[in-house]
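J.: Encoded as structure tokens, here's the structure I'll be asking about.
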Amino acid sequence: MSDSQPADPQTEHHARLIYERLLQYYGLPEWRDPLPAMDELVSTILSQNTNDTNRDLAFNRLRAAFSTWEAVRDAPAEAVMDAIRPAGLANQKGPRIQQVLRQITNERGSLDLDFLKGWDAEEARAWLLQFNGVGPKTAAIVLQFALGIPAFPVDTHVHRVSGRLGLRPAEMNAEQAHPHLAALFDPQTYGPAHLNLIRLGREICHARKPNCRACPLNDLCPSAQVGSD
């Protein structure tokens, strides 16, 4: 990413050791069934502040109610909000999704994001970030997992775990962590690194009580003594 600083060699080496250890422990992870980029964009907006189960339920209800994204775009707002209610914050997410669909139509003439595959990564990221409701994480997920453009998404788990592992400064927020972590990892490893850090955060490195003794990284983690029992 153009706004990232050169990676510190020692921290970059630390990141590589963490990546390799998690790969050995968890194996090579696979993204859930790949979606077209437009589907991934809507799905990721729905995922904000909810879990995967509720996201998928809302997404499937939306697709069952409307046969095309054009139909979602042009539908009454209440109908869209009702369809996505399981994801929570439907009164915010529904209008945001419809507004994004309208803006893309106005700019491109159709609801298809495959044109971004031919763009520079930073240009594609900036284009996605122009839309209200599309932040750095949402843009990075669409780029990395739907368009094949290297990007390192930072969700709550990745942000927490990367801080405990010493991969980022403690005061660095999630938005700042996107270019920072992207500079630490090899772009070819972005997907597996992201997914395995999430799994570690969900299963072991919990927010309130991390299970440090069970962690495969406890010898690499400067926070391992804190919160262990």
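The values are calculated or read from the model by the stated rules, or taken from the named source; none is laboratory data. Predicted model, so just to flag it, every value in this text is computed and none were measured. FYI the Cβ positions are ideal-geometry reconstructions off the backbone, even for glycines, and counts take in every protein chain you see.
J.: Go through region 70-84 and report how many residues are touching a residue at least 24 places away in the same chain (Cβ under 8 Å), in a helix (DSSP H, G or I) and more than 12 Å from Gln99 (Cα to Cα).
T.: Pass one, region 70-84, residues touching a residue at least 24 places away in the same chain (Cβ under 8 Å): 70, 72-73, 83-84.
Filter once more, keeping what is in a helix (DSSP H, G or I): 70, 72-73, 83.
After this cut, where a residue has to be more than 12 Å from Gln99 (Cα to Cα) as well, the list is 83.
Total satisfying the criteria: 1.
J.: Any residue that is under 18 Å from Gln10 (Cα atoms), in contact (Cβ under 8 Å) with a residue 60 or more places away in the chain, of a type outside the set (Val, Ile, Thr) and touching a Pro at 6+ places or on another chain (Cβ under 6 Å) - is there at least one of those in region 170-188?
T.: no
J.: Next question, about the same structure. Read through the list (1) assigned to a helix (DSSP H, G or I); (2) over 20 Å from the mean Cα position of the chain (by Cα); (3) buried (at least 18 other Cβ atoms within 10 Å of the Cβ), then give the number of the only condition that Leu217 fails.
T.: All conditions are met except number (1).
J.: Of the conditions (1) outside the structural domain of Tyr19 (by TED's automatic domain parsing); (2) under 30 Å from Leu217 (Cα atoms); (3) among the hydrophobic types (A, V, I, L, M, F, W, C), Val158 satisfies every one except a single condition; which number is it?
T.: (1)
J.: If I ask for residues that are in contact with a Leu (Cβ under 6 Å, 6 or more places away or on another chain) and aromatic (Phe, Trp, Tyr), which ones from region 133-163 would you list?
T.: Phe152
J.: For the structure I just gave you, tell me whether Ala71 is outside the structural domain of Asn173 (by TED's automatic domain parsing) and small (Gly, Ala, Ser).
T.: On the way: outside the structural domain of Asn173 (by TED's automatic domain parsing): yes; small (Gly, Ala, Ser): yes.
So Ala71 passes the test.
J.: Go through region 1-27 and report how many residues are at pLDDT below 95 and part of a loop (DSSP other than H, G, I, E, B).
T.: Result for region 1-27: 8.
J.: Gly88 passes all but one of (1) on the phi > 0 side of the Ramachandran plot; (2) in contact with a His (Cβ under 9 Å, 6 or more places away or on another chain); which number fails?
T.: Here Gly88 meets the rest and fails (2).
J.: Consider Phe185 carefully, then state whether it is under 24 Å from Lys117 (Cα atoms) and touching a Phe, Trp or Tyr at 6+ places or on another chain (Cβ under 6 Å). Steps first, answer last, please.
T.: On the way: under 24 Å from Lys117 (Cα atoms): yes; touching a Phe, Trp or Tyr at 6+ places or on another chain (Cβ under 6 Å): no.
No: the conditions fail for Phe185.
J.: Test Ser110 against the criterion of being assigned by TED's automatic domain parsing to the domain that holds Lys209, polar (S, T, N, Q) and free of Cβ contacts under 8 Å to residues at least 40 places away in the same chain, and give yes or no. Working first, answer last.
T.: Values: assigned by TED's automatic domain parsing to the domain that holds Lys209: no; polar (S, T, N, Q): yes; free of Cβ contacts under 8 Å to residues at least 40 places away in the same chain: yes.
In short, no.
J.: State whether the residues of region 38-58 include one that is surrounded by 15 or more Cβ atoms within 10 Å (Cβ to Cβ), part of a loop (DSSP other than H, G, I, E, B), in contact with a Leu (Cβ under 9 Å, 6 or more places away or on another chain) and modelled with pLDDT of 95 or more. Break it down stepwise before answering.
T.: Let us first name the residues in region 38-58 that are surrounded by 15 or more Cβ atoms within 10 Å (Cβ to Cβ), namely 38-48, 50, 54-58.
Applying the additional criterion that residues be part of a loop (DSSP other than H, G, I, E, B) yields 48, 50.
Applying the additional criterion that residues be in contact with a Leu (Cβ under 9 Å, 6 or more places away or on another chain) yields 48, 50.
Add one more test, that the residue is modelled with pLDDT of 95 or more, and what stays is none.
Within region 38-58, none of the residues are surrounded by 15 or more Cβ atoms within 10 Å (Cβ to Cβ), part of a loop (DSSP other than H, G, I, E, B), in contact with a Leu (Cβ under 9 Å, 6 or more places away or on another chain) and modelled with pLDDT of 95 or more.
J.: On to the next question. Being of a type in the set (A, V, I, L, M) and at pLDDT below 95 is the filter here, so list the residues in region 215-229 that pass it.
T.: Narrowing region 215-229 to residues of a type in the set (A, V, I, L, M): 217, 220, 224, 226.
Residues satisfying the conditions are Ala224, Val226.
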